[in-house]
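Below is one structure, written out as structure tokens; the observations come after it.
Each value in this text was obtained by applying a stated rule to the coordinates, not by laboratory testing. Quick caveat, the model's predicted, so the values are computed rather than measured. Here Cβ is always computed from backbone atoms with ideal geometry, including for glycine, and neighbour counts include all displayed protein chains.
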Amino acid sequence: MTTEEKIIMAAINCIEKYGIDKTTIRRIGQEAGVNSAAISYYFRSKDTLIRRALEIALDNAFDMENFKDSIGLPINERLVSVMEGMTVGSIKFPNLTRALISGLLTSTDGDAPVVRKLHGFLDKLQDEIIEARPEKSRAEIKRILMQLSCATFLFPGIYQQFFKGFPEIDLTDDATRSEYIRELVNKLL
């Protein structure tokens with residue numbers, strides 16, 4: 001791993017450990033095992049480094065390769081697998097998820113990187129559903145995917161505390177999460 005890659009990975013780790021607001025050059029340097037001069041050399045500023053780290057994390061979060069083991073499953077099972085994987089990621093990495101999803105909350109033009117990545121991700125799923133369920137319209141499938149995304153990984157990723165008010169929907173429990181997502185997929189699709 002190059003020094004630049006170590007710094008980027010350290011920035012991602014610090015965002016998850018401390019939150020984006022408390023991630024500092026000093027903490028990133030300690031995590032990467034480099035001094036602040038090295039960070040300045042590669043990235044010129046903390047903002048540039050954070051932007052690059054979030055781009056990489058975003059690319060990874062919405063990479064369909066993460067779900068290649070569910071290719072070939074019936075479409076309902078494929079959707080359960082994908083949505084469950086995304087939900088597990090948002091729960092496992094809450095600070096990073098909030099940092100990534102903040103673009104959804106702050107973008108006024110709908111062109112934030114997270115918006116583009118999310119739409120691209122959902123478009124790939126939409127194509128798979130259309131192939132499996134040609135009786136459904138594109139608009140209907142897009143609506144289903146948005147409902148699933150909001151109810152599974154987006155809203156819990158932004159505000160996990162909300163679900164604490166509903167102990168019967170403990171998304172950190174594997175069986176409960178699986179049942180919750182399966183029920184949503186089956187109702188909507």
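The trypsin sites (Lys or Arg not before Pro) of the range 1-88 meeting both criteria, a DSSP state outside H, G, I, E and B (loop) and at most 11 other C-beta atoms within 10 angstrom of the site's C-beta, are Lys22, Arg44. Straight-distance candidates among the lysines for linking to Lys164, with alpha-carbon spacing under 24 Å and chain neighbours fewer than 8 residues away dropped: Lys17, Lys92, Lys187.
Summarising the label geometry, the points placed 7 Å from Cα in the beta-carbon direction at Gln30 and Asn66 lie 2.8 nm from one another. All C-alpha to C-alpha distances of the chain, sorted into 10 Å bins beginning at zero, yield P(r) values of 9, 33, 31, 19, 8, 1 percent in whole numbers.
Estimated at 0.36 nm per residue, the fully extended path between Asp127 and Phe155 surpasses their Cα-Cα distance by 7.7 nm. Size check on the range 3-54: the Cα extents along the three principal axes, sorted descending, read 24, 19, 16 Å. A crude spin-label estimate for the pair Tyr18 and Phe166, with each label 7 Å from Cα along the Cβ direction, gives 3.5 nm.
Adding -39500 (n - 2.57) for every DSSP H run of four residues or longer, then dividing by how many residues the chain holds, sets the calculated 222 nm ellipticity at -22500 deg cm²/dmol.
Mean separation of Cα pairs under 8 Å and 6 or more residues apart, divided by the residue count, gives the range 3-54 a relative contact order of 42 percent.
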